[in-house]
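Undergrad: Attaching a single structure in structure tokens format; questions to follow.
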Amino acid sequence: MTSHYRSESEQFEKVPVRIFEDADGASRELATEIAALIRAKAACGERAVLGLATGSTPVRLYRLLRQMHAEGLSFANVVTFNLDEYHGIAPSHPESYRRFMGEQLFDHIDIPPENIHIPDGTLERSLVFAHCAQYEKAIEAAGGIDLQILGIGRTGHIGFNEPGSAAESRTRLVTLDSLTRRDAARDFLGESNVPRHALTMGVGTILAARRVVLLAWGGAKAGVVASAVEGPQTAALPASHLQSHANCAFYLDPTASSALTRFSYPWRVGRVDWTPQLRRKAVIHLAGSLQKPVLRLVDEDYGAHHLADLLTAQGPAYNLNIKIFNELQHTLTGWPGGKPNADDSNRPERAEPAQKRCLVLTPEPPDAFNAMGGVLHRLTSQGHEVRLAVLCSGNLGVPDPILKLHLDFAAEMGGASAAEAIAGLDELQRKGEFDLDTLRIRRLKSLVRRGETRAAALACGIDERRISNCELPFYEKGRYRQFQPGEEDVETLARLLADFAPHQIYATGGALDPSSVGAVCFSLLREALSRLTGSAWIDDCRIWLYPPAESAWPLHEVDMAVPLSPSEVGVKLDAIYRHASQRSQNPAPSAPGTEVWQTAQNTNRSTAHDYDALGLAEYEAIETFKRWIPA
Ligand code: F6R
């Protein structure tokens, strides 16, 4: 296997990796490369052949290419081949890749329509094989792909080459992995609506491109990116086949690169500067891999696992173990709002003021309940003034049949609102299969989610008067992947913060895919806070970050860990369950444990198990938080 590393810290990396400040920076670099390719080809009267991807990842790239076109870049000499398309959905379906490409790029540039190639997902099965063979021929006839753009799925797929795809595979019909279908469930308003099959270029087709650039953003991709870059080349992880390509690079943002060895275990690839967090990480990792409690680690354990250096600086093991054990112990608290009248020198949150104003920001209605339903309940029962700010209505996530259920009820009840319900039912009925929701339907769907949020908040002891429905305009005016946050959003958030002047803010979204609702909300929070710098309350405000759905913070990053009793877990699950529109419409009996409340329970239990395994007390479940101090 060839190694491409350029420095000691990259020694495990088998593909060149470039890490950019953010997704915008990486997309700009690639857009510039594409523009240069198109111009160079045009200058010698040739065509530039691009392989294109869809999904959230390349949205920024396409925005930049549209801009470049507006500023004079012509696509008249460009030929494109898209990687894939779902099988069995019409081109007008909102999730069809043909429609996506039109909206994101082709409708805005001067590419000749006959130069655009996208696998045809509407063909019946018997015609698919010939179509795929023809697709390969068309690529060949165009002279092969000059530059192939890729994203990566959490299964390690490139295109829709799911685990099991061979390096030689060519364009064909494939079955989608269940994780891929789950990841697409939000866009299709339910997993049962996600097609089971797709047409995709093969791994071999991709590898035949003269240059390949894979883009990835957000912490959810970090694990699979690291495996593709550093792990063995295997059909079990199709993106790892890229290791054999002579001119391939991964362009990453910092969160997507965070699981590479040079960041996750830097002591394995050279000398490190032992910051307190890194020290904690190394000890926790050592204890975990040896399955020993922290206090039972011995000097030899450190020496045998690349950590002799740490011992020299901060050992012996006995002292270091105690230091880390105490640090972990001090993250644990049953008082997330601070323990009144107690010495708080070793507690995550300060004691004063005893009653705090706690602002809990939830990007979409269930986010805060999923990650911190137990803490919501704790904060209210410990007498703090909790305000739950629902930043986005979540109306995009309500399936039509759920709305219909509510409207049928309202229409039958009669009275003043029946006319509105009947109008809504009428619009629902007239809505074409793939039409976007009308304003009225979106508004009614928002009401469904408001009702669910009220019910969930009540389960956690939060009265409905303590809920602010912010309905940030970027969401109300937008669609998934195409949000355009602006001044109005920042102002709404800044006003909310200034009016409430909280002692604590709970927030999330920093490490997500930048086009997700959570990440957009987090960047708005960052901007709103920067505008409020200097306000008296800010100096006395702590910001706690809760983890995104389905995850917990890694233990070395946890600043506050709140154990939940078995009955509090029950309260939390009840609150999550009350978001009825978000339950699977068609739960898969073959995949138990995948409903949101089940995942939340598993996550919190597994954190409790991890604390226990490190030698700390054994709790039922634990919710985790990181402290954030904005730069
Ligand atoms: C899309 C494609 C897929 C995506 C991957 C990541 O044409 O081929 O491999 O690149 O599923 O999707 P996003 O970018 O939505 O995270």
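Readers should treat all values here as calculations from the given coordinates under stated rules, not as data from a laboratory. Note that the structure is predicted; figures quoted are calculated from it, not measured. Note that each Cβ is placed from the backbone with ideal geometry, even for glycine, and that neighbours are counted across all protein chains shown.
Undergrad: Using DSSP to call loops (not H, G, I, E or B), can you name the GluC sites (Glu not before Pro) in segment 164-254 whose Cβ has at most 16 other Cβ atoms within 10 angstrom?
TA: Answer by residue number: E168.
Undergrad: If you don't mind, there's one more thing I want to ask. From the cross-link list K221/K356; K14/K281; K137/K431; K572/K626; K356/K572, which pairs have alpha carbons spaced over 29 Å apart?
TA: Correct reply: K221/K356; K137/K431.
Undergrad: Where the centroid of each part is defined by its Cα atoms, how far is segment 5-34 from segment 301-373 in Å?
TA: 34
Undergrad: Also, I was wondering about something else. Using amide H atoms built 1.01 Å from N in the peptide plane, name the residues 5+ places from H87, or on other chains, whose amide H lies under 5 Å from its own.
TA: The list, which skips near neighbours in sequence, is H197, A198, L199.
Undergrad: Run the helix sum for the chain: -39,500 (n - 2.57) per DSSP H stretch of 4+ residues, divided by residue count, reported at 222 nm to the nearest 500 deg cm²/dmol.
TA: Here the helix-only value at 222 nm equals -12500 deg cm²/dmol.
Undergrad: Tell me which residues come under 5 Å, amide H to amide H, from I543 once H is placed; ignore anything under 5 positions away on its chain.
TA: Hits under the 5 Å cutoff: I505, W628.
Undergrad: Also: What trypsin sites (Lys or Arg not before Pro) in segment 319-398 are in a loop by DSSP, with at most 13 other Cβ atoms within 10 Å of the Cβ?
TA: In loop regions of segment 319-398 (DSSP not H, G, I, E or B), there are no sparsely surrounded trypsin sites (Lys or Arg not before Pro).
Undergrad: Could you go through segment 552-562 in sequence order and give the Karplus-derived ³J(HN,Hα) for each residue, using 6.51 cos²θ - 1.76 cosθ + 1.60 with θ = phi - 60°, rounded to whole Hz, and x for Gly and Pro?
TA: 10, 5, x, 4, 5, 9, 6, 9, 9, 10, 10
Undergrad: Now a separate question. Find the centroid of the Cα atoms in segment 149-204 and in segment 393-456, then give the distance between the two in whole Å.
TA: One Cα centre to the other: 32 Å.
Undergrad: For segment 311-318, in order, what is each residue's ³J(HN,Hα) by Karplus, 6.51 cos²θ - 1.76 cosθ + 1.60 with θ = phi - 60°, in whole Hz (x at glycine and Pro)?
TA: 5, 4, 6, 9, x, x, 3, 3
Undergrad: With the dipole of the chain worked out from charges on the C-beta (+1 for Lys and Arg, -1 for Asp and Glu) around the Cα centre, which of F263, A631, L307 lies farthest toward the positive end?
TA: L307
Undergrad: Add +1 for every Lys or Arg and -1 for every Asp or Glu among the other residues with Cβ under 14 Å from the Cβ of S165, and state the total.
TA: -2
Undergrad: I'd like the distance between the alpha-carbon centres of segment 67-124 and segment 252-277, rounded to an integer number of Å.
TA: Centre-to-centre distance over Cα atoms comes out at 39 Å.
Undergrad: At q = 0.11, 0.13, 0.15 Å⁻¹, what log₁₀ I(q)/I(0) does segment 1-124 have when each alpha carbon counts as one equal point scatterer in the Debye sum?
TA: -0.48, -0.64, -0.80
Undergrad: Using DSSP, restrict attention to beta bridges with both residues in the chain and report what percent are antiparallel, rounded to the nearest 5.
TA: 30
Undergrad: List the GluC sites (Glu not before Pro) within segment 530-581 that fall in a DSSP loop (any state other than H, G, I, E or B) and whose Cβ has at most 15 other Cβ atoms within 10 Å.
TA: E550
Undergrad: Follow-up question, since we're still on this one. What dipole magnitude, in Debye to the nearest 20, does the chain give about its Cα centre under +1 on Lys/Arg Cβ and -1 on Asp/Glu Cβ?
TA: So the dipole magnitude of the chain works out to roughly 240 debye.
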